[in-house]
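Structure first, commentary second.
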């Protein structure tokens, strides 16, 4: 409960900052104003304007429906509920609080109310697949890096990730890139085995910053590379490590996608994508998450 209160307080802080910036740049055109605010939010909190606007809706939700009931629900749940029409919000909040629903159950409930269905898998076969599964990562709230918190991030269980029907998307000869966190690195090898992918090597993203949850500073992130069949690399001799700046939480660097394009052929598919990249088809329900401008 304490962590939820801290998260809501941080959301309020960011929402208040948004109001200040909106007033500061009110004389600019809508596009210029959004660009200025987006840049400042990325600098101050490592979140983009679109995400901040989601948080602002949560703060409004709390004001309208009461802090006592909202604090029973995690911020990520509240982001989902804030998507609903106003007349459905209190009804959903009370149902989530009463039944003590999990985040996934809440997301499914909200999707049901909105009439939203998960996107169907593509019908094609791909020679290159990048997949960044929503690992069941527990969020860590720390005063030293509060901008590491992310709200509205759906997750899957390990069994669900292993059972994901990636085989339907693979060509007979295929390259597979699997993003993983430090915590789930050992399990990522099990996921490859479940998918029938032969592990070959580990790519490492060297970040410009890191965070220290307990002991070491976590300043890297990793990608397992494996093959199905015998598809050769387009270019040999590329380094396994690449340097890139950290942006929003869970957003992967453009440098990675450029590397993949140099060594792995089309057609390429980015699974659980959160933004679009040239040379890749995308699949997922958050493919526009990191638009730099609010819609």
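Values computed for the structure shown
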read-out	value
Selection status of residue 151, assigned to a loop (DSSP other than H, G, I, E, B), in contact with a helix residue (DSSP H, G or I) (Cβ under 6 Å, 6 or more places away or on another chain) and either under 21 Å from residue 11 (Cβ atoms) or at pLDDT 90 or above (or both)	yes
Members of region 161-173 found to be closer than 13 Å to residue 131 by Cα, without any contact (Cβ under 8 Å) to a residue 60 or more places away in the chain and touching a strand residue (DSSP E or B) at 6+ places or on another chain (Cβ under 7 Å), listed by number	170
Criterion (surrounded by 14 or more Cβ atoms within 10 Å (Cβ to Cβ) and outside the structural domain of residue 44 (by TED's automatic domain parsing)) met by exactly one of 251, 239	251
Qualifying positions in region 119-136 - touching a helix residue (DSSP H, G or I) at 6+ places or on another chain (Cβ under 9 Å), farther than 18 Å from residue 173 by Cα and in the same structural domain as residue 165 (by TED's automatic domain parsing)	133, 134, 135, 136
Condition check for residue 18: in contact (Cβ under 8 Å) with a residue 24 or more places away in the chain and in contact with a helix residue (DSSP H, G or I) (Cβ under 7 Å, 6 or more places away or on another chain)	yes
In region 240-270, residue modelled with the highest pLDDT [restricted to those that are in a loop (DSSP other than H, G, I, E, B) and out of contact with any strand residue (DSSP E or B) (no Cβ under 9 Å at 6 or more places or on another chain)]	251
Members of region 83-120 found to be more than 19 Å from residue 155 (Cβ to Cβ), at pLDDT 75 or above and within 22 Å of the chain's Cα centre (by Cα), listed by number	84, 120
Lone qualifier among 206, 158 - being in contact (Cβ under 8 Å) with a residue 12 or more places away in the chain, surrounded by 13 or more Cβ atoms within 10 Å (Cβ to Cβ) and either touching a helix residue (DSSP H, G or I) at 6+ places or on another chain (Cβ under 7 Å) or not assigned by TED's automatic domain parsing to the domain that holds residue 48 (or both)	158
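The values are calculated or read from the model by the stated rules, or taken from the named source; none is laboratory data. Keep in mind the model is a prediction, meaning the values are calculated, not measured. When we count neighbours, we look across all protein chains shown, and the Cβ atoms used for this are built from the backbone with ideal geometry, even at glycine.
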